[in-house]
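This report concerns only the one structure given below.
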Amino acid sequence: MHQAIKEASESGGVIGPPKFPSSFESGLRERLADAIECLLPLHDQCTSAIASIDQLLKRLADGRFILAVLGQFKSGKSTLLNALIGETVLPSAVLPATSIPTIVSWGESLRVRVVYNDDRPATMLTAGQTGDLAQCLSRFVTEAGNPRNHLGISQVEVFHPSSILKQGLVLVDTPGFGATLRHRMDATLNFLPQCDAAMFLVGIDPLITMDLEFLKKVRSKVRRLFFIINKSDFLGSQGREAAVCSLRTMLTEHVGLGGDTRIFCVSALEALGSRHLNDRAALTESGLPEVLEHVNAFLVRGKSVASRAAISLKAADVLDDAVLQLRLTIRCLQMPTEEVEARRALFDRQLEDIRRERTLAAELLARERTSLNEVLESLAEQMRHRGQAYLRGVAQAALAGLDPGKVGEILIRFALAAVIPDFFDHEMSEITADFSKRVAEASRHFQERANALIELVRKTAAGLFDVSYDAPESAGLPEETHDPFWINHDWTGSLKPVRPNMLDRILPSRNRLSRIEHRIAEQIDMLVARNVEILRWSTYLSFDEAFSRLDTSFDERLADTINATHGAITAALAKHKQVEQVAPEGISTLQRCAAQLIGIAAALRDASRCGTRNDAAGLHSHGAV
């Protein structure tokens with residue numbers, strides 16, 4: 001019996017994802033709790049450390065795993081997602097859905113959040129029942145309810161109290177694609193780097209339904225990828241084996257994926273029905289429990305291993321910093337007041353040099369922002385030229401062979417509108433990928449400079465007061481997981497009517513066509529300029545906001561480090577002034593606390609290394625991802 005089904009029988013029939021208890025995770029929580037318990041009596045001196053450990057505890061609890069579901073129109077994506085959730089939440093459109101993704105995450109109650117392309121505030125809707133929710137979603141994400149996305153929606157977010165979502169899984173139903181829906185592919189590709197993994201649905205005859213070029217691009221955008229052959233209930237056991245074999249051969253020979261790529265045979269419709277009826281035997285037959293186990297054991301757990309290791313190292317660094325503050329306090333308590341004040345004055349003078357370095361770092365970051373903006377302008381200008389040449393070619397092709405006297409705006413407008421989303425989505429993918437690498441490199445350099453300057457504060461204080469201090473091992477905790485966001489620009493694709501004037505009517509047809517072509521070219525230039533500016537401005541805002549966050553974070557971290565170091569010295573001076581000589585037992589208490597924190601930090605580092613090895617071995621024993 002599958003673990004998922006076993007748990008269902010033990011929990012009143014609620015079938016959810018399998019759970020793999022981790023001694024690493026439980027041990028990490030205990031050590032973080034021990035650290036806070038040790039720090040609390042020293043609250044005045046260790047406020048920053050307590051807040052940092054508390055935040056790491058929240059990070060440990062809030063870890064999420066974003067899984068995108070890809071597939072052609074009518075491949076059964078929505079049905080499979082409903083089966084994973086356990087209820088019919090997402091509508092299964094008879095017509096192709098609009099290019100609107102649906103992001104499903106955990107919430108205490110059924111809710112929908114609608115995000116728009118423009119600056120309109122998001123709309124929050126509450127659904128009393130699941131059926132109401134599906135009907136509500138149909139108004140936004142289906143072609144019938146929202147034809148050609150006339151509502152101007154960027155994405156729809158669903159919050160649902162499903163047990164599988166409570167484990168931290170976020171499911172993304174991407175727009176289906178097909179022969180007539182190819183412009184959606186680039187929008188999907190642009191979203192994938194935000195995801196931890198992708199699940200690719202194919203038909204029961206993969207050689208017919210697969211788009212190999214699109215799949216190659218998908219492989220380059222997302223690290224973890226696995227496949228589901230849906231509607232496998234139409235095949236016998238031999239048919240399923242043949243389908244898996246043909247798909248695996250194709251993936252190996254034409255896409256370059258390894259022979260250990262995971263492929264599952266599932267009947268999404270059968271799985272959904274069995275979950276509605278709580279039919280455990282039918283659920284097993286549908287193949288869904290194996291997918292659930294894979295998502296949890298190989299994907300979610302694989303990410304959490306790295307996250308827990310990073311949190312462990314970061315916590316150890318926080319405790320090391322707290323130990324430094326305690327050592328400074330102890331050393332200052334052991335010194336004469338006059339000597340402490342003299343060393344503090346020297347520390348303050350050296351801080352002036354550090355603050356000047358901070359100002360220089362800010363100036364360098366500002367110059368980097370200016371330089372990147374110039375690069376962005378250059379990339380935008382190149383795209384303008386490519387766009388003008390491409391769209392003029394489309395217009396010329398539309399005009400070719402037409403009677404000059406009957407040339408009108410409508411045919412050209414339709415021809416341009418048909419190609420603009422595809423062209424600009426592709427351009428956006430290319431430019432943002434290139435520019436993102438430049439921004440990441442600049443951010444890395446600034447972050448290294450910031451870390452070095454913050455370390456200089458600690459080393460300066462440690463050297464002045466003759467206390468030992470070890471630099472942190474970790475390179476910093478990965479960025480916090482942000483809510484996934486779909487980039488879905490509303491590209492401008494219409495021309496003003498091209499009406500012949502009086503002069504056009506009396507000119508020879510060759511001259512008349514030339515004047516019309518000139519007016520169309522002018523409008524194309526304006527259309528390209530507007531669309532390029534949409535992309536340039538949104539890209540600029542994105543990287544400018546990222547740099548602003550870096551700058552602000554640096555200021556906050558530097559201020560916290562200086563304040564904590566100053567605080568330790570000032571607290572010791574205050575105690576000196578209260579009493580002529582600090583009691584030895586007071587110093588002994590601080591020394592015991594420092595020793596405890598050193599022990600916890602060492603345990604965190606050891607657990608991080610051992611836990612990563614053990615969990616990785618556990619994952620490997622289950623098979624390849």
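Given labels modelled 7 Å from the Cα in the Cβ direction, how far is it in nm from residue 350 to residue 550?
2.8
Let me have the relative contact order for the stretch 65-303, percent, based on Cα pairs under 8 Å that are six or more residues apart.
25
Residue by residue through the stretch 164-176, what is 3J(HN,Hα) from phi via Karplus (6.51 cos²θ - 1.76 cosθ + 1.60, θ = phi - 60°)? Round to whole Hz and write x for glycine and proline.
Rounded to whole hertz, the list is 5, 6, 5, 6, x, 7, 10, 9, 10, 8, 7, x, x.
Which order do 106, 537 fall in if you start with the one that has the fewest other Cβ atoms within 10 Å?
Listed from fewest to most nearby Cβ atoms, that is 537, 106.
Please order 172, 115 by the number of other Cβ within 10 Å, starting at the fewest.
115, 172
Pulled fully out, how much extra length does the chain show between residue 385 and residue 223, if you take 0.36 nm times their separation in residues and subtract their Cα-Cα distance?
Roughly 54.9 nm would be gained on extension.
What order do you get for 29, 64 when you list them from fewest to most C-beta neighbours inside 10 Å?
Listing 29, 64 from fewest to most nearby Cβ atoms yields 29, 64.
For residue 339 and residue 260, what does the FRET efficiency come to when R0 = 56 Å and r is the distance between their Cβ atoms, rounded to the nearest 0.05?
0.30
Any chance you could run the full-extension gain for residue 525 through residue 451? It's 0.36 nm times the residue separation minus the Cα-Cα distance, nm to one decimal.
Extending this stretch completely gives an extra 22.0 nm.
Looking at the stretch 65-303, send over the antiparallel percent of its DSSP beta bridges, to the nearest 5.
35
Could you count how many Lys pairs in the stretch 65-303 have their Cα atoms under 23 Å apart, skipping same-chain pairs fewer than 8 positions apart?
Taking the Cα cut-off of 23 Å, the pair count is 11.
What nm distance separates the two modelled labels at residue 44 and residue 418, each placed 7 Å from Cα along Cα→Cβ?
7.8
Under a 5 Å amide H to amide H cut-off, with H placed in plane at 1.01 Å, what residues pair with residue 170 once short-range neighbours are removed?
65, 66, 67
Given labels modelled 7 Å from the Cα in the Cβ direction, how far is it in nm from residue 148 to residue 595?
7.8
Computed from the coordinates by the stated procedures, all read-outs in this text should not be read as laboratory data. All of these numbers come straight from a predicted model, not from anything done at the bench. Cβ: placed from backbone, ideal geometry, glycine included. Neighbour counts: every protein chain shown.
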